[in-house]
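The values are calculated or read from the model by the stated rules, or taken from the named source; none is laboratory data. Source: prediction; values computed, not measured. No Cβ is skipped: glycine too gets one built from the backbone with ideal geometry, and neighbour counts run over all protein chains shown. Surface accessibility is based on the protein's heavy atoms, side chains included, excluding ligands, DNA and RNA. Shrake-Rupley method; radii C 1.70, N 1.55, O 1.52, S 1.80 Å.
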Amino acid sequence: MAKGIPLTDQDRSPWLCNLHDILLRDIASGQHVVLACSALKKMHRDILIRGKDTAPPKFRESKEEKLAKVQLLVVHLSGSFEVISGRLHQRKGHFMPPELLQSQFDTLEPPTAPENFIQISVDKKLSEIITIVLETLKMK
């Protein structure tokens, strides 16, 4: 990305599998985890939940399979291209050049049911976004 070349699914897969493993490890040790990343496609979010095996769950999962899944609440921060582009241009020293933003929008598959998600506008203040996320987690 730093070279101005968008990542492919093949590029992202090992990274997402590593994140899944980190989530499992931290959750198994009793931690509550917040992970911020651009899991732009449903397939990416499925890897975060199930790891490398993104096939639909079987009717009866073994204990090991249950442990390999992560309960995930996707917080989809939505905003217009113009707003996000403006913010991206204000970043200094970030690895993603603003020229790649359109490719991110082109790749994006916003979460839909039955995914476990909430959608929040980036136009809200950070404190409002945090409050909405925390209130949602309390209801879960």
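The stretch between H76 and K92, if pulled fully straight at 0.36 nm per residue, gains 3.4 nm over its current Cα-Cα span.
Would you mind checking K41/K138; K42/K69; K52/K140; K3/K92 for any pair whose Cα atoms are more than 21 angstrom apart? Distance filter (> 21 Å) returns K41/K138; K52/K140.
Note that the chain, at 10 °C in a medium of 1.306 mPa s, gets a Stokes-Einstein diffusion coefficient of 95 µm²/s from its Kirkwood radius over C-alpha pairs. Rounded to the nearest 10 degrees, the angle from helix 126-139 to the longest Cα principal axis of the chain is 20 degrees. For the chain, find the longest principal axis of its Cα atoms and tell me its angle to the long axis of helix 81-90, 0 to 90°, nearest 10. Roughly 80 degrees, rounded to the nearest 10.
Only DSSP H runs of four or more residues enter the estimate; each adds -39500 (n - 2.57), and after division by the residues of the chain the mean residue ellipticity at 222 nm equals -14000 deg cm²/dmol. Close amide H pairs (under 5 Å, H built 1.01 Å from N) link L77 with I120, residues at least 5 positions away or on another chain.
Rolling a 1.4 Å probe over the heavy atoms of the protein chains gives the chain an accessible area of 71 Å² per residue.
Between Q31 and S13, the simple label model (points 7 Å from Cα in the Cβ direction) yields a spacing of 2.7 nm.
Using 0.36 nm per residue and subtracting the Cα-Cα separation, the extra length available between K52 and L126 on full extension is 23.4 nm. Between amide H atoms placed 1.01 Å from N, distances below 5 Å from K41 occur with E109, all of them 5 or more places distant or on a separate chain. Each residue, T136 and S103, gets one label point 7 Å from its Cα in the Cβ direction; the gap between the two is 2.8 nm.
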